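A.B. asks: Encoded as structure tokens, here's the structure I'll be asking about.
The values are calculated or read from the model by the stated rules, or taken from the named source; none is laboratory data. Keep in mind that this is a model prediction, so the values were computed, not measured. Cβ sites come from the backbone with ideal geometry, for glycine too, and all protein chains shown count toward neighbours. Surface accessibility is based on the protein's heavy atoms, side chains included, excluding ligands, DNA and RNA. Shrake-Rupley method; radii C 1.70, N 1.55, O 1.52, S 1.80 Å.
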Amino acid sequence: MVLDPPTLIVSAGMSAGVLFVVLVVSWLQDRTTTALLWWSAALAIAASGLVLYTSAARASDPAREFGNAMFLLASGCVYAGACRFNRRPISPAIMLAAPIAWLAAVWTVEMSFAARVSYGSILFAALAIASAWEFWRGDRLIFQRGAAVIMSMQATFFLARIASGPAIFMEGGGESLDNNWATVMGVSSLLYVNVIGYFMLGMAKERADIANRRAALSDPLTGVGNRRGFLAAGERLLAQAKGAPVTLLLFDLDHFKAVNDRHGHSIGDDVLVGFCDVLRAELPASAVIGRMGGEEFAVTIVGAEAGRALDIAESVRTRFARDWGVRDGLAIEATVSAGIAADPIGVTGLVTLLSRADSALYRAKAAGRDRIETAAASPVPA
């Protein structure tokens, strides 16, 4: 079967047009991923450049020069999209340098067809390398790493064009590529457009799936884990304890309903968020925090004996009372009670620790609130 280079190139252009529509529709469904707009722009510009490129009769025709510039601009948009996907600012200098350098060179310097091919290949390879690096250093998403590999392969292809030298041109010179090389370029373009488009969509979906999973395990008000998220993260932490001491702290904001009734739910929400800020400030970075419901919060700490955990809980209690006793001139008088359950060798299950901490918390509230109680030590297995 003979692969016709012009047909392959037209097919690549049609694929770019279809993927443009798909990426735009994907962006309309999730407008937070602005990288999709940059990548859809890249496909639209590449398809437009293809129309100019194929309309030119000779390599030196202005339409073909502009077509090549648009291909380079499309590559710059791929790089810009990679920057936006990594939540990094776009560098217009890198995005626009290649097409400007191309037009400036072909209009001011007398170059042979071979020189133009090599020069353009250098510019395309540079942009592909920049995009590959930007994809690679982003989040460790499977599709993002895959996109980095695809861009690296694209860069390798253009560098191979340079290394091939005169072998890529028709025998006897002229302004056209050898038919085998033209076929390779057509196949490469068709594969590249479809594969990189697939990976672009995959990246956006993979990140959205991760965000949805995190949202399902997080409390939307405070940003800490919800009950489900806390239990899952806590079980993982306990599995990694490997005999280290484990402590569970259970906090409950005192008379929180009265705070809501007296000051309104907006202030009540501020108190809940403020308490989580206190927890983050006073707890070790490795601690797992969860909102168990209403005004009750749980914390799992690995590596802290009961005495150390008591000191931490006391720091949380006193700081919260200090920060939220009076806030912005408003007497809120917010306080917190806590129950502590400790396991010195990390063998007690999370649910059991929760139950023991809950019993200690009940005693703290029954004894007058704004205090901390510690559960009896768990029995040590023989």
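A.B. asks: Run down the lysines and flag those whose C-alpha is under 25 Å from the C-alpha of residue 257, throwing out any fewer than 8 positions away in its chain.
C.D. replies: Output for residue 257: 365.
A.B. asks: May I ask for the angle, rounded to the nearest 10°, between helix 113-136 and the longest principal axis of the chain, with both axes built from Cα atoms and the value confined to 0 to 90°?
C.D. replies: Between the helix axis and the principal axis of the chain, the angle is about 10 degrees.
A.B. asks: Among (1) 85, 54, 40; (2) 98, 55, 34; (3) 61, 44, 40, which one is Cα extents along the principal axes in Å computed from these coordinates?
C.D. replies: Only one option fits the structure, namely (2).
A.B. asks: Also, quick follow-up: Could you please put 314, 305, 206 in sequence from largest to smallest accessible area, using a 1.4 Å probe?
C.D. replies: 305, 314, 206
A.B. asks: Could you state the angle between the C-alpha long axis of helix 35-55 and the longest principal axis of the C-alpha atoms of the chain, as a value from 0 to 90 degrees rounded to the nearest 10?
C.D. replies: So the inclination is approximately 0 degrees.
A.B. asks: Shifting gears a bit: Please compute the modelled spin-label separation between residue 111 and residue 91, points set 7 Å along Cα→Cβ, answer in nm with one decimal.
C.D. replies: 2.1 nm
A.B. asks: Now, a different point. Just the accessible area for residue 261, please: 1.4 Å probe, Å², rounded to the nearest 10?
C.D. replies: 110 Å²
A.B. asks: To continue, here is another question. With every protein chain present, what accessible area does residue 273 have (1.4 Å probe, heavy atoms only), rounded to the nearest 10 Å²?
C.D. replies: 50 Å²
A.B. asks: In addition: Quick one: order 39, 133 from most to least accessible surface, probe 1.4 Å.
C.D. replies: Largest accessible area first, the residues go 133, 39.
A.B. asks: Also, I was wondering about something else. Where Lys and Arg each count +1 and Asp and Glu each count -1, what net charge lies around residue 225 among other residues with Cβ under 15 Å from its Cβ?
C.D. replies: Neighbour charge sum, excluding residue 225 itself: +4.
A.B. asks: Here is a follow-up. Taking the chain as the reference, fit the longest principal axis to its C-alpha atoms, fit the long axis of helix 92-108 to the helix C-alpha atoms, and give the angle between the two in degrees, 0 to 90, nearest 10.
C.D. replies: Around 10 degrees separate the two axes.
A.B. asks: Another question about this same structure. So what are the ³J(HN,Hα) numbers for the range 283-290, from phi and the Karplus equation (6.51, -1.76, 1.60; θ = phi - 60°), rounded to whole Hz, Gly and Pro as x?
C.D. replies: 8, x, 4, 7, 5, 9, 10, x
A.B. asks: Now a separate question. For the chain, what is the accessible area per residue in Å², given a 1.4 Å probe and the full set of protein chains?
C.D. replies: About 49 Å² of surface per residue is accessible.
A.B. asks: To continue, here is another question. Mind grabbing the accessible area of residue 33 for me, 1.4 Å probe, Å², rounded to tens?
C.D. replies: Surface accessible to solvent at residue 33 totals approximately 20 Å².
A.B. asks: Using Cα centres only, tell me the gap between the range 96-134 and the range 204-247 in whole Å.
C.D. replies: Spelled out, the Cα-based centre of one part sits 48 Å from the other.
A.B. asks: From largest accessible area down, sort 257, 365; use a 1.4 Å probe on the protein chains.
C.D. replies: Accessible-area ranking of 257, 365, largest first: 257, 365.
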